[in-house]
Each structure stands twice: as structure tokens, then as C-alpha cells.
């Protein structure tokens, strides 16, 4: 198993953002986390990569317990991520943004960017790019960081429809290259088309986990989220 | 000859303050650390060099020791404040300046308090001093240029722009902040040690807040994260008020006129070039 989340809980004051959450991610798959707003999806990501520390439970990454490690240690262990709101280093060039993930030649960087359908040059200042382009640079940066598991928080948000379609291809290609991807997504067509596994989260708890077909037929999921 | 001496004196001050400005720019402009303790590192360097010099140590030993001790203090200050950001870091480090200033004022058995330390040995004629401080200023500038172009500089600038994003790329941002503060404080200590050996008298007014504000003005006017900007800012802020001495102002008016000039320069910069003369970065 690539990632195992076991009985994890996190509360802020009296409110549980994540409660007794258990699920797993198989190696070489694309797994999507879906759920209504406030279901705890982003909190879950922040727990997995160490920005938050869980109150209870454990995170096991490739048979190694990573609960309590700092974000940079988890990154070095092999988990790379993007954020819901793209985080680029706005005063740095696109080249420097990417070099922070990995030492590489310009040709390698350009190849990675080409895959992301990024149209500007490496010397552009990241803060001058459109938001959609910043997201692509962030995604390129996350894939460049040597990793075994990629966490993507709403990769399609703020990206134009044409690129959104390309994004499905990009993610499938990444999977073919051996990446394991865990993503948060609201676009159901996108999720159902791309995922091997779906984890449905509601009020911080896993409502169901399974193939897209199984999840779509699950009465509890229909009631809580997808609608009848 | 008197005029030559005057210009040499200004040259020495420009070099010493340029070292201070470029080292503050390393912390503030490149790493995003609004460190108001910088003037304390300068004062610590000056006091260490002065006390050891007065105790009979050679300047070639007391100046390096001042640098090392200032660097250590910089790292020690960075450890508890590394988690603070923006205004909170500014407040905590300003508190540090007050503490160090208070120690210098009250530890009279060591520092003679407000009486200050006179008779710090000089290092030869003022042209010799100018040659040395100019050399060290050049060295400090080259070090900061080298850092800014290295992968260390890239990491520091990433921390400035988005610390969390730097962490998820595997950067131990805590460690890098300590490195930045240590190098920055070491250079400030160097400037302080030379200042003590040049002026040959120091007292606790070396930690003054107006001087700290001037120092920050040098960095802001020159431009954040610009090495040449730090030099230009130093020259402008230090030399701009000098002509006031020659236009026949009564001495009582020179002080206030200086303040007005600084305010004017800062206002003009903020209105017309908010990033400073050579600045390229925005810090939120």
C-alpha cells in the first residue's frame, strides 16, 4: 500500500474537521477524494503532509509511519503536493520556481512545462503570470520534486476548460510513468473519468471508498452528496 | 587637507553603513525577515571589539571575535523568533534591541554604562582605515551577490515569497533562516567592530532607534533584494544631509533640517518608486 490513513482525527475547538478517518491509496492508481464543502478534504491533505498534526490516528506511507513529521521531512520522504490556491514564488522566475524542486537543465524544465501546456518562457516572473498559468507552474513544480505520491488539491479550479481536458491526459500520463496520485476534486465528470478509486468524505468521516461505479450506486453517497 | 580628511571620513562612514545595509538586505530583502535587531548586532560587534581592544588584544584578533560573537547572537535570536512572521517578528526583534541596549547601559562594571568606552585603539591613519573598510565592504557585497545567485539564495528568496511552499518542496526553512540571520549578523558585527576602532569611542547610544530607522531607510530607498541598491541607498541617506553644513544654516536648525530631508526622501520614494530605486521585489 502506498498510503494508509488509520483512524485519524483533527478538531479545531469543539468542531471535528476530520473524525476517525480511515482509507488507503494503492500504488500506481489515481484516487480521488470527493465530498461537500467543509467535509474536511483540505484538512486531510494538510494532515497527510504535516502542516497540521493529527489529534489521533496514524499516517503510514510505504510502511513507514510519518505522523508528526514536519512538512519538509514528509516532502523528502516522497510526498509532493499542490495547494487549493496556487502557491508560486511570485518574485522568482518560472525557472527558479522549478529549480527549487529539482536541479535540472533548461531543456528538462521546458519539456516538463510543455507537458503542462504552459505557454510562456522560463524567464517570466511567476507573479506576472495569469492565475491559470501559475497553477500549471505549481503542478509542474510538484511533479519535478522527486516523489512517490502526488497530492493535488483541486487541480482543475481556476484553469480554463480546454486545459482542464488536457489535465486529465496529463494526470493519466503521470500515472503511466508510475506516479501515484491522490486528488481532491469537485468536478464530477473529471473525477469519474479519471479515478481508479474514489473516497467519499462527509463531515470528516469516510462515507465510502471504491471504484467510481460502486461509489455512484452507493445509496449513502447519493443521499449525502451526489443527490438522487 | 582638511577637506580631504572630511571626504575620507565620509568614505569610511559610507563603507561601514554600506556593510550594515547590505547585510540587513540579506535578511530583509532576500529572506523577508523584518529584523529590527540588526542595529543590536552592530552594537554588539562594536562593544566586543572595543572591550577586547581596550583589554590589549590586537585588532586582528578582536575584530574576527566580534564577527563570530555577533553571528552567534544572530543565530540565538533567530531560534526563538523563526516561527514569527512580519510585524510579530519586527516587534520581537525590536524588543531584542531594547534588551541589548539596556544591558549596555546598566552593566556598568563591564561597559561603564552611559559613560561609554573611550580610547579604543585606532588602526593607523584614516586613509589606511578607509582602505580596509572599503575592502571589507567590497567583500561583503561580493558575498551577498554570490549568495543571491546560488541555490542558497534561491531558497532564501523562496522562504520570503512563500515559506510553506518552500517547506513542501523539502526545504528546512528553519535552518535556512538561521543561516541567513547568522551571516547577516556577522556582517553587522564586522561593521560595528570597525566603527568602534575608527571612532575610538562608543556608548549605548549606538543602539539608537533613529539610527535603526536610517538603516532601514537605506535598504528601502535603495531597493529590497538589490545589492547595488543597498549601496546607493546608503550613499543617498548618508550624504544627502551633508551639504546642510555648508549653506550657512544655524547649527540648531541642521538637525531638524536633516530629519525633514529624510522624511522628504522617503515620501518621494514611496510615492514614485515604492520598490526603491533598484528594487525588484514586492513583499506582502
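For the reader, a short list of remarks on this structure follows.
- P(r) for segment B:56-153, from all Cα pairs and a bin width of 10 Å, is 12, 26, 37, 22, 3 %, short bins first.
- Peptide-level mean, for B:158-165, of C-beta atoms on other protein chains within 10 Å: 6
- Ordered by the count of other Cβ atoms within 10 Å of each Cβ, fewest first, A:1, A:8, A:188, B:218 give A:1, A:188, A:8, B:218.
- Evaluated on segment B:145-200, the Kirkwood hydrodynamic radius is 12.7 Å, with distances taken between all distinct Cα atoms.
- Distance (nanometres) between label positions extended 7 Å along Cα→Cβ at residue A:4 and residue A:160: 4.6 nm
- Over segment B:176-262 - Rg/Rh using Cα atoms and the Kirkwood inverse-distance radius: 1.02
- Within chain B, all pairs of alpha-carbon atoms sorted by distance into 5 Å bins from zero give the percentages 1, 6, 12, 17, 19, 17, 14, 8, 4, 2, 0, 0, 0.
- Taking all Cα pairs closer than 8 Å and separated by 6 or more residues, the relative contact order of segment B:187-273 comes to 18 percent.
- Per-selection Rg to Rh, the protein assembly as shown - Cα, Kirkwood hydrodynamic radius: 1.09
- Spread of Cα-to-Cα distances over 5 Å intervals beginning at zero, given as percent, for segment B:27-109: 3, 15, 22, 22, 17, 11, 7, 3, 0
- Over the residues of chain A, the helix contribution to mean residue ellipticity at 222 nm works out to -9500 deg cm²/dmol, using -39500 (n - 2.57) for each DSSP H run of at least 4.
- Gyration tensor analysis over the Cα atoms of segment A:181-228 returns equivalent ellipsoid semi-axes of 16, 12, 10 Å (largest first, whole Å).
- The three principal axes of the Cα atoms in segment A:98-228 give end-to-end lengths of 51, 28, 24 Å, sorted in falling order.
- Where only DSSP H runs of four or more residues are counted, chain B gives -24500 deg cm²/dmol as its mean residue ellipticity at 222 nm, each run worth -39500 (n - 2.57).
- With the highest mean first, a sort of the peptides A:179-186, B:75-82 on other beta-carbon atoms found within 10 angstrom per residue produces A:179-186, B:75-82.
- Gain on full stretching of the segment that runs from residue B:213 to residue B:246 - 0.36 nm per residue minus C-alpha separation: 9.4 nm
- Max mean-square fluctuation residue, GNM over chain B, Cα-Cα springs under 10 Å, options B:234, B:171, B:31: B:171
- Peptide A:82-92 has a mean shielding of 5, counted as Cβ atoms of other protein chains within 10 Å of each residue's Cβ.
- Counting Cβ atoms of other protein chains within 10 Å of each residue's Cβ and taking the mean over peptide A:100-112 gives 1.
- Counting every C-alpha pair in segment A:88-145, the share spaced more than 14 angstrom apart comes to 41%.
- Given R0 = 35 Å, the distance between the Cβ atoms of residue B:145 and residue B:270 translates into a calculated FRET efficiency of 0.85.
- Extending 7 Å from Cα along the Cβ direction at residue A:128 and again at residue B:175 yields two label points whose distance is 3.4 nm.
- Shown here are the Rg and Dmax of the Cα trace of chain A, at 17.3, 52 Å.
- With contacts taken as Cα pairs under 8 Å and at least 6 residues apart, chain A reaches a relative contact order of 27 percent.
- For segment A:152-205, the fraction of C-alpha pairs more than 12 angstrom apart is 68%.
- The P(r) of segment A:1-119 has a tail past 22 Å containing 45 percent of all C-alpha pairs.
Just so you know, all these numbers are worked out from the coordinates, no wet-lab data involved. Small disclaimer: the values here were computed from a predicted structure and weren't measured. Virtual Cβ from ideal backbone geometry, glycine too; neighbours counted across all protein chains shown.
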